[in-house]
Amino acid sequence: MGGRPSSPLDKQQQQHLRDQMDTLLRNFLPCYRGQLAASVLRQISRELGPQEPAGSQLLRSKKLPRVREHRGPLTQLRGHPLQWQPIFCVLRGDGRLEWFSHKEEYENGNRPLGSTALTGYTLLTSQREYLHLLDALCSASLGDNTQEEPDSLLEVPVRFPLFLQHPFRRHLCFSAATREAQHAWRLALQGGIRLRGTVLQRSQAPAARAFLDAVRLYRQHQGHFDGDDVTLGSDAEVLTAVLMREQLPTLRAQTLPGLQGAGRARAWAWTELLEAVHAAVLAGASAGLRAFQPEKDDLLASLEKTIRPDADQLLRLRASVAGRMRTDIKGPLELCLRRHVDPQLPRLAQTLLDTVEALLEVVRTLLAQGVDRLSGHLRQSPSGTRLRREVHSFGEMPWDLALMQACYRETERSRGRLGQLAAPFGFLGMQSLLFAAQDLAQQLMADAVATFLQLADQCLTTALNCDQAAQRLERVRGRMLKELPEFEGDVLAMGSQALTTEGIYEDVIRGCLLQRIDRELEKALGASDVSCTLDGCLEVPWEQEEADEETEAERGGAACPRQPGSGAQIQPLCPPLSRGTLHS
């Protein structure tokens, strides 16, 4: 489970998998090309419209999400036969895990014994839970009910285990020397898993948005309409997961009868086979997307040149087509929404809002504690060196795994509530939803920290004594914390298609659905103790924007004016004095 033995796939099997990926790419890339055009038009429409949504005035942090490199000794279950062996493990900043035979091998820059991207893994720290999962894999997936021998695999207790399980890859089994080391590795590995998983969701690039939309439409054409976690990872990893899901039933039927061993040993053999299949499929996806890259670059450049000059005309044409579609489907759509959507919306909205409210409360608490520590150090120690160290520590809060764990634990507590959405809505993307909430918490923390540091820098000067400076920091603290509740409506993110009949039709339906959701969220938020604003927090499809404009016109202009956008300059709490105090 740690080394890389020769592939169990022969050349014919490897070629078959490459052919399967080639077929997938031939069917997928036309959809991707179409979504690139839609995504470019969407980006241009945003540039032509209001630059920033109304609502929060937190500055946007320019720091990219990252994982702190973590390294140290572990033991790993590896080799043939399997046995626990000491290794030196390194988690890179990009969420890639490497392991070496000795620390010196790493320090000398030698090749690792093995490595893996953490995309798609689940971390378990309970041996009993992992063995239960492994036994279930034996019986459910392999049809094997053979009882294990007393000296069977993993029968000896492991004191501080770290089990990395993947649905399509070889499992990785590590053990730490102490509980403290296990805890540190758990935080680091979980951070790497999330960072690798949400790389596309966090991107604002038109190509990333287009790829996610294309995957969704491709899978819908294949008959998969339920939400799941297939879009976690890079573009090649996502396509690999799509094909692995398609091929898994056939793979089981063709290969399981020939696997040797029984019980857990047979389950291990199955995961090693999956690893070989996954590697072959991933290589094919990576090669295919690399080959498409020059065409994609040329296409994006061409789309920018051809769409931008005619953007206004294209958007008016799109609005006209959407308006006619809304008229044609209004009756049946309203009937469908009243019967199947309206009864479910209150529970759905409240479940999501409860999760976000709890998450925001933890973020507010952590920020308040951080500012209090900063003010306390400022009063107690006038040392400039100490203050700079504390300011640096404050600025690193969003990337502090131990500190942010309080936020991430809150999302894990919500897993049970959110899991109740699976049955009525057919929603299976629980991990994606939890990762999105954790990314939101980290981004809010980063934005709030950036806002605090800038406002504090405007208000502080070396002419102030420690007490005066601390008082001004308290005022900045109050202003910063007031902005956070306005993010509570940031629960739903809706994409959009453009200038294809299918895309416009889908957007009309999604726009009407989002209007229903918006009204339900407003009702739920109105009953909440936390003041917040929905306006501008949702990424609204064009059809809803157009519908909202029509509604306001029908009301004779009685709608409330929109608030100034967050692009307006933030006014300092006191006149700007000499700057650079916090950054010197």
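For segment 123-140, a tally of residues being among the polar types (S, T, N, Q) and either modelled with pLDDT of 95 or more or in contact with a helix residue (DSSP H, G or I) (Cβ under 7 Å, 6 or more places away or on another chain) (or both) returns 1. Within segment 98-119, restricting attention to residues that are in contact (Cβ under 8 Å) with a residue 40 or more places away in the chain and in contact with a helix residue (DSSP H, G or I) (Cβ under 7 Å, 6 or more places away or on another chain), the residue that is farthest from Leu195 (Cα to Cα) is Ala117. Inclusion of Gln380 among residues that are open to solvent by 20 Å² or more (accessible area, probe 1.4 Å), more than 30 Å from Ser45 (Cα to Cα) and in contact (Cβ under 8 Å) with a residue 12 or more places away in the chain is not warranted.
Looking only at segment 58-86, filter to residues that are more than 21 Å from Leu187 (Cα to Cα) and small (Gly, Ala, Ser); which one of those is modelled with the highest pLDDT? Checking each candidate, the answer is Gly79. Taken across segment 7-18, residues that are within 30 Å of Ala265 (Cα to Cα), modelled with pLDDT of 90 or more, assigned to a helix (DSSP H, G or I) and charged (D, E, K, R) do occur, with at least one present. Inside segment 73-111, can you point out the residues that are more than 20 Å from Glu155 (Cβ to Cβ) and among the hydrophobic types (A, V, I, L, M, F, W, C)? Result: Leu74, Ile87, Phe88, Cys89, Val90, Leu91, Leu97, Trp99, Phe100.
If the condition is being open to solvent by 60 Å² or more (accessible area, probe 1.4 Å) and farther than 19 Å from Glu275 by Cα, then segment 94-104 contributes Asp94, His102, Lys103, Glu104.
Looking at Ala285, Ala269, can you tell me which residue is farther than 25 Å from Asp507 by Cα and under 30 Å from the mean Cα position of the chain (by Cα)? The conditions single out Ala285.
Does Val90 count as under 29 Å from Asp229 (Cβ atoms), open to solvent by less than 60 Å² (accessible area, probe 1.4 Å), at pLDDT below 95 and among the β-branched types (Val, Ile, Thr)? No, not satisfied.
When the residues of segment 278-307 are filtered to those that are at pLDDT below 95 and β-branched (Val, Ile, Thr), the one that is nearest to Leu134 (Cα to Cα) is Ile307. Of the residues making up segment 436-460, those that are open to solvent by 20 Å² or more (accessible area, probe 1.4 Å) and modelled with pLDDT under 75 number 1.
Against the conditions (1) at pLDDT 85 or above; (2) surrounded by fewer than 16 Cβ atoms within 10 Å (Cβ to Cβ); (3) within 19 Å of the chain's Cα centre (by Cα), Glu396 satisfies every one except (3).
On inspection, Val341 does not qualify as modelled with pLDDT of 85 or more and of a type in the set (Val, Ile, Thr).
At least 3 residues being assigned by the TED database to the domain that holds Thr411 and farther than 30 Å from Thr411 by Cβ is the threshold, and among the helices (runs of 4 or more DSSP H) wholly inside segment 303-398 those reaching it are 345-380, 384-395. Here segment 399-427 is the region considered, the condition is being outside any helix (DSSP H, G or I) and at pLDDT below 85, and the residue that is nearest to Ala349 (Cα to Cα) is Leu421. Answer yes if at least one residue in segment 350-368 is surrounded by fewer than 13 Cβ atoms within 10 Å (Cβ to Cβ) and either within 22 Å of Ile517 (Cβ to Cβ) or in contact (Cβ under 8 Å) with a residue 40 or more places away in the chain (or both), and no otherwise. Checked segment 350-368: no residue is surrounded by fewer than 13 Cβ atoms within 10 Å (Cβ to Cβ) and either within 22 Å of Ile517 (Cβ to Cβ) or in contact (Cβ under 8 Å) with a residue 40 or more places away in the chain (or both).
The values are calculated or read from the model by the stated rules, or taken from the named source; none is laboratory data. Given the structure is predicted, the values throughout are model-derived calculations rather than measurements. In this analysis, Cβ positions are derived from the backbone assuming ideal geometry, glycine residues included, and neighbour counts consider all displayed protein chains. Side chains included, ligands, DNA and RNA excluded: accessible areas come from the protein's heavy atoms. Shrake-Rupley method; radii C 1.70, N 1.55, O 1.52, S 1.80 Å.
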